[in-house]
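See structure below.
The values are calculated or read from the model by the stated rules, or taken from the named source; none is laboratory data. Not measured: the values here are computed from a predicted model. For neighbour counting, all protein chains shown are included, and Cβ atoms are generated from backbone atoms with ideal geometry for every residue, glycine included.
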Amino acid sequence: MIVTYLKFNAMKKKVMFFAIAFSASLNAQSISDVKEAVSFIYVEDSIGTLVPNGTCFFLGMVSSKDKSRMHQYLVTAKHVLKKKDGSFHEKIQVRMNTKDSSRFVLANLSYEGLKKNVFTHWDKAVDIAVIPFAPNVDDIVNKRLDTTFLYDRNTFYSLSISEGSEAFFTGLFVPFIGEKKIHPIVRTGHISLFSDEKIDWIAGKTEVFLVELSSFGGNSGSPVYFKADLPEGRKKLVLGGVLSGTYQDIAKIIMIQNGAKDTPIAVYNNGISVVVPVYFLYEILNSEELKKVRN
């Protein structure tokens, strides 16, 4: 699933678990590292058939009480968990790779109360959801990203990242998801806009990054990485945020037909994707609500 936003202007109509089920945590140093931490989210359609609905990735946070233990989380875009009518799915199936194949892992979801296991930002416009997730399945080979690379707002903006910096994401590609295993696709581009103003998006004006990366259905929830410049001339991969969706434009097409009055419109992807900044993910993971669960 991916959200699109139609914009017009005068010129165009335009559960918290401790577990060791995953492989070791990693601090992503390459695109292949990121791919190993990505999985696909499936939901049931109206007739009960499992269909792919978005992308997710995994994080591991070392326990503050026991450094040998790990809190594991699934991260995705919040809207991936929503049905067409705006209500939330009560369960999802996460398709994860094994050594020779892949398997589905059920995640029952609760959004409030004592069994709550879906955590979001206090700003409702932030399109990120965090789910404690540690399947007790021995043959899963997906890895989890190390949360030590997650940055708060001030630290992120102190990095050598700017408009024009390289960017990439890896996520679900609907035309080829993979038969035996899942195969996340990689798309590359550049940061288009860091704005000090909030931008109109799916839940109103919100703080997002705009990136020149074409994204389509199924990409929502993908981790988006930026390449930061280091003083010695090298580059470092930095998690920039979570892919939320793509902007689309509506262009008016004039049909010249005998007496025809209809004016069809064409919708096209303008190549600009919306990324929810990583520091919102940092704030969710370090919220008092999740700290209480960890403790």
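Going through (1) out of contact with any strand residue (DSSP E or B) (no Cβ under 9 Å at 6 or more places or on another chain); (2) among the hydroxyl-bearing types (Ser, Thr, Tyr); (3) over 21 Å from Ile284 (Cβ atoms) one by one, Thr155 falls short only on (3).
A single entry from Met16, Met1 fulfils the requirement of being within 12 Å of Gly221 (Cβ to Cβ) and either part of a loop (DSSP other than H, G, I, E, B) or at pLDDT below 50 (or both): Met1.
Looking only at residues of the stretch 89-104 that are under 28 Å from Pro277 (Cα atoms) and touching a strand residue (DSSP E or B) at 6+ places or on another chain (Cβ under 6 Å), we find that the one that is surrounded by the fewest Cβ atoms within 10 Å (Cβ to Cβ) is Lys91. Scanning the stretch 161-186 for residues that are in contact with a Lys or Arg (Cβ under 9 Å, 6 or more places away or on another chain), over 23 Å from Ser101 (Cα atoms) and surrounded by fewer than 19 Cβ atoms within 10 Å (Cβ to Cβ) yields one hit, Glu166. Out of the residues in the stretch 142-158 meeting the condition of being in a loop (DSSP other than H, G, I, E, B) and modelled with pLDDT under 90, tell me which one is surrounded by the fewest Cβ atoms within 10 Å (Cβ to Cβ). Across the stretch 142-158, the extreme among qualifying residues is Leu150.
This table checks each residue for (1) under 25 Å from Val62 (Cα atoms); (2) of a type in the set (Ser, Thr, Tyr).
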{"residue": "Asn142", "(1), (2)": "yes, no"}
{"residue": "Asn154", "(1), (2)": "yes, no"}
{"residue": "Ser160", "(1), (2)": "no, yes"}
{"residue": "Phe173", "(1), (2)": "no, no"}
{"residue": "Lys180", "(1), (2)": "no, no"}
{"residue": "Gly189", "(1), (2)": "no, no"}
{"residue": "Gly204", "(1), (2)": "no, no"}
{"residue": "Leu210", "(1), (2)": "no, no"}
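Tallying residues that are closer than 15 Å to Leu172 by Cα and not hydrophobic (A, V, I, L, M, F, W, C) within the stretch 73-94 yields 2. Taking the numbered list (1) at pLDDT below 75; (2) within 19 Å of Asp152 (Cα to Cα) in turn, Ala228 passes all entries but (1). Within the stretch 39-59, the set of residues being over 16 Å from the mean Cα position of the chain (by Cα), under 25 Å from Ser101 (Cβ atoms) and not hydrophobic (A, V, I, L, M, F, W, C) comprises Glu44, Asp45, Gly48, Thr49. Somewhere in the stretch 25-42, is a residue more than 25 Å from Ser287 (Cα to Cα), loosely packed, with under 15 Cβ neighbours inside 10 Å and modelled with pLDDT of 90 or more? Scanning the stretch 25-42, I find no residue that is more than 25 Å from Ser287 (Cα to Cα), loosely packed, with under 15 Cβ neighbours inside 10 Å and modelled with pLDDT of 90 or more, so the answer is no. For Met96, the conditions (1) part of a loop (DSSP other than H, G, I, E, B); (2) within 28 Å of Arg187 (Cα to Cα); (3) out of contact with any helix residue (DSSP H, G or I) (no Cβ under 6 Å at 6 or more places or on another chain) are fulfilled apart from (1).
Every residue, every condition in (1) farther than 23 Å from Tyr151 by Cβ; (2) not in a loop (DSSP other than H, G, I, E, B), yes or no:
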| position | (1), (2) |
| --- | --- |
| Ser32 | no, yes |
| Ile41 | yes, yes |
| Cys56 | no, yes |
| Ser64 | no, no |
| His71 | no, yes |
| Leu74 | no, yes |
| Val105 | yes, yes |
| Ser110 | yes, no |
| Leu114 | yes, no |
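If you filter the stretch 119-141 down to residues that are in a loop (DSSP other than H, G, I, E, B) and in contact with a helix residue (DSSP H, G or I) (Cβ under 7 Å, 6 or more places away or on another chain), you find that the one that is surrounded by the fewest Cβ atoms within 10 Å (Cβ to Cβ) is His121.
For the stretch 226-235, the tally of residues that are within 29 Å of Val94 (Cβ to Cβ) and surrounded by fewer than 23 Cβ atoms within 10 Å (Cβ to Cβ) stands at 1.
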